[in-house]
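So the structure is just underneath, and the comments pick up after that.
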Amino acid sequence: MADDPVETVPPVRRTRLAAVRAAAARQVMAISWIGVLAGIVVIGAIATYTAPCGCFLTGDNLLTTAQEFSYIAIAALGGAMVIMTRGIDLSVGANMAFTGLITATLLSRFHLHPVAAVAIGLALGLGAGLLNGLLITVAGMQPFIATLGTMSVFRGLALVYSQGFTLYPPASFTALGQGHLGPIPNPFVILVGLTVLLSAFLSGTALGRHVYAVGGNEDAARLLGIEVERVKVFVYVLAGLLGAVGGILLMSFLGSANPGAATGYELDVIAAAVIGGVSLFGGEGTLFGTVLGAALIQEIQNVLLLERVPGYWTTLVVGLVILGAIGVDQVRRRLRRT
Amino acid sequence: MSRERRGETGSGRISRRDFLGRATGAAAALAVGGGIGGVLAACGGGPTVVSRKKTYTIAIVPKGLDNPVFALANLGGQVRAKELGNVHFIFTASSTTDTNGDVNVIQGLIEQKVDAIGVSCNDPNAYVPVLNHAVDSGIKVMCWDSDAPSSKRAVFYGVDSTAVGKRMGQEITRLLNGQGNIVIISGDPAALNLNQRIQGVRSALPSGIKVLQVLYTNDDIPSAIQKTEDAIRTYPDLNGIVMVGGWALFSNEGATPLLDQKKGQIKVVSFDPLKSVVDYLRDGIVQSVWTQDYWGWGYQSVTILYSLLQGNRWHEFIPQPSNNVTPDQWQAWQQRWAAVDQGASAAAKVWGEKPFSAPGPSDATGPLRG
């Protein structure tokens with residue numbers, strides 16, 4: 001450090017230069033999703049000029065890609081808030097399959113009105129989240145263990161209920177997931193709406209700010225009079241509800257409900273949040289970043305196909321990009337601290 | 001228009017299958033205790049006859065429980081057990097396809113001292129020790145759907161994946177008149193049967209047909225849809241798609257708009273005519289779908305294992321038919337799936353088969369095993 005050439009700059013100039021530089025760096029680096037946004041833009045630019053079909057930057061391609069990541073991104077909004085409180089929700093993929101399955105049969109077997117069927121499906125997701133929240137707060141289980149257990153419970157319920165068969169909602173119900181608002185696919189419209197709403201909630205309400213406070217320092221939050229347990233239950237309930245929204249939309253889009261649907265999506269949800277700048281240590285991150293994280297994962301898969309890369313490579317490249325995004329995040333944090 | 005018609009097919013009250021299914025329960029132990037009670041009660045007559053015979057416990061283990069084609073094997077097995085009368089039928093596996101999980105399930109069945117086990121092996125080698133352990137413990141063992149040929153299992157009832165792939169390759173060649181560009185869509189890149197089907201497809205293609213890309217969907221329906229649609233977007237000169245696993249079609253037509261648009265321009269050969277696939281056939285989006293003997297995986301496997309327990313000997317290889325379902329057969333297949341919604345006995349009326357008898361049907365090969 002003592003040998004640093006900066007040391008030779010006259011003291012006054014040095015401080016001013018450093019101050020300007022630090023301020024600029026701080027401004028950019030304070031944005032937790034800056035890395036992932038840069039990634040999306042760079043990969044998009046490369047694909048625009050190099051994809052042989054010349055079809056990356058077309059409305060058709062971008063809109064279907066947006067549609068495809070919406071389900072995971074909606075679930076990830078809840079997953080991100082759980083991670084902000086220093087928790088984790090491994091049950092969300094199973095929750096998506098279970099709520100989609102039940103909603104489909106409420107429609108096709110019991111002929112419920114779509115609004116009623118969706119309401120019950122959402123209530124089930126909410127109940128699933130409540131169960132997670134109570135296991136973690138009242139029963140005092142580790143979030144990882146509690147939601148690992150409920151992941152199997154929800155997946156198991158879906159299997160027992162369906163007996164392994166794929167179930168189908170009435171074809172009319174696909175209008176929800178397959179429909180468009182103008183040119184924009186419905187699931188993406190819902191994703192954008194929920195992101196705006198929940199971001200406003202996180203930054204604009206006391207309960208929202210408590211989510212960060214609990215994750216940042218639980219003991220301090222408790223000393224400040226925040227009802228930590230209540231905040232935690234709340235985020236798991238919200239995660240369960242958002243999982244159900246994603247699950248029902250996915251089922252509606254596919255027009256089918258399989259008990260094995262959304263297997264492994266819980267990991268995609270965590271990846272989206274972490275890539276988007278949500279810290280696994282809690283207290284940090286944004287929902288906008290999380291959505292960008294989900295978008296980046298989907299963009300990579302889309303671009304690899306458009307670039308005609310052999311299928312075996314996809315998983316490897318996604319893994320490397322996740323590591324790259326986290327690496328950028330580490331650098332960002334370090335820069336911000338200095 | 002077509003979609004409205006579709007909407008009606010899924011309807012119905014809580015079916016008998018559900019009731020029976022719940023009685024059969026999730027856990028194997030419960031299935032033995034509760035399910036058979038239900039089946040016997042449903043039989044109504046002749047408990048005295050049943051009680052005099054020895055009751056055999058026969059377990060069928062699919063690769064995973066979350067796959068509808070295996071759910072049909074469950075119904076087929078239940079129906080055969082009921083016909084035979086003195087069979088406790090267990091249908092169990094890990095919830096999703098998982099080699100290690102299935103090996104543990106089989107280990108548990110050996111400890112329960114079941115009389116016979118029929119397994120669909122997810123990997124030809126990983127199952128060898130546990131299957132041999134079962135045979136050494138005096139349990140009759142066969143494989144169905146996917147074989148473990150180096151194990152001591154007696155019989156394999158299944159299809160030659162390379163041969164089916166070859167027939168799929170011949171079919172796309174015929175549909176394209178020997179000229180054109182295709183992509184192949186698969187599931188798990190490490191799945192042996194899928195890789196054999198791909199190998200078969202490639203071996204049948206003439207030099208005029210070029211495989212542009214092989215895409216892997218990891219058995220995930222949304223991913224399969226995305227890859228199929230992206231492939232159509234990427235290759236404007238695409239003439240055909242061979243789906244060695246049909247995940248992209250296990251949805252509703254509306255989920256694959258580009259594929260629907262290219263109806264007739266892009267020929268599609270796929271695998272497993274599930275309920276949703278029947279719509280694609282009806283509407284001419286898909287030209288050829290290859291079947292397996294889903295019902296027979298349960299029905300004939302219970303038949304063979306029961307017969308082995310009686311001391312009969314069977315040929316080692318019993319070939320399973322794989323048929324090409326073409327668009328003109330869509331109605332028959334729609335009826336088949338509608339029957340499944342009505343429960344096991346209604347399904348038996350349309351899916352039902354004649355039980356094989358020892359030493360196997362006329363196309364069976366290999367040495368006699370007992």
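The values are calculated or read from the model by the stated rules, or taken from the named source; none is laboratory data. Since this is a predicted model, take the numbers as computed values, not measurements. Here Cβ is always computed from backbone atoms with ideal geometry, including for glycine, and neighbour counts include all displayed protein chains.
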Qualifying residues in segment B:304-326 (those that are surrounded by fewer than 24 Cβ atoms within 10 Å (Cβ to Cβ) and part of a helix (DSSP H, G or I)) - the one nearest to the other protein chains (Cβ to nearest Cβ): B:306
All helices (runs of 4 or more DSSP H) inside segment A:87-189 with 2 or more residues being out of contact with any helix residue (DSSP H, G or I) (no Cβ under 6 Å at 6 or more places or on another chain): A:92-108, A:114-137, A:143-162
Residue check for residue B:344: crowded, with 17+ Cβ neighbours inside 10 Å, under 12 Å from residue B:295 (Cβ atoms) and at pLDDT below 90: yes
Per-region count, segment A:230-282, residues at positive phi, surrounded by fewer than 24 Cβ atoms within 10 Å (Cβ to Cβ) and either facing another protein chain (nearest Cβ under 10 Å) or within 14 Å of the chain's Cα centre (by Cα) (or both): 1
So residue B:230, is it in a loop (DSSP other than H, G, I, E, B), within 14 Å of chain A (Cβ to nearest Cβ), under 17 Å from residue B:184 (Cα atoms) and not aliphatic (A, V, I, L, M): no
Helices (runs of 4 or more DSSP H) completely within segment B:122-227 that count 1 or more residues being at positive phi, in contact with a Lys or Arg (Cβ under 7 Å, 6 or more places away or on another chain) and not assigned by TED's automatic domain parsing to the domain that holds residue B:309: none
Test: residue in segment A:188-203 that is surrounded by fewer than 17 Cβ atoms within 10 Å (Cβ to Cβ), at negative phi, away from every other protein chain (no Cβ under 11 Å) and at pLDDT below 95: yes
Condition broken by residue A:325, with the remaining ones in (1) part of a helix (DSSP H, G or I); (2) modelled with pLDDT of 85 or more satisfied: (2)
Residue in segment A:287-296 that is within 14 Å of chain B (Cβ to nearest Cβ) and part of a helix (DSSP H, G or I) present: yes
Among (1) assigned to a loop (DSSP other than H, G, I, E, B); (2) in contact with a Phe, Trp or Tyr (Cβ under 7 Å, 6 or more places away or on another chain), the one test that residue B:251 misses: (2)
Subset of segment B:110-130 [within 20 Å of residue B:310 (Cα to Cα) and surrounded by 15 or more Cβ atoms within 10 Å (Cβ to Cβ)]: B:110, B:114, B:115, B:116, B:117, B:118, B:119
Subset of segment B:260-303 (residues that are farther than 19 Å from residue A:165 by Cβ, of a type outside the set (Gly, Ala, Ser), in contact (Cβ under 8 Å) with a residue 40 or more places away in the chain and not in a helix (DSSP H, G or I)): B:267, B:269, B:283, B:286, B:287, B:290
Of the criteria (1) away from every other protein chain (no Cβ under 14 Å); (2) surrounded by fewer than 23 Cβ atoms within 10 Å (Cβ to Cβ), which one residue A:132 fails: (2)
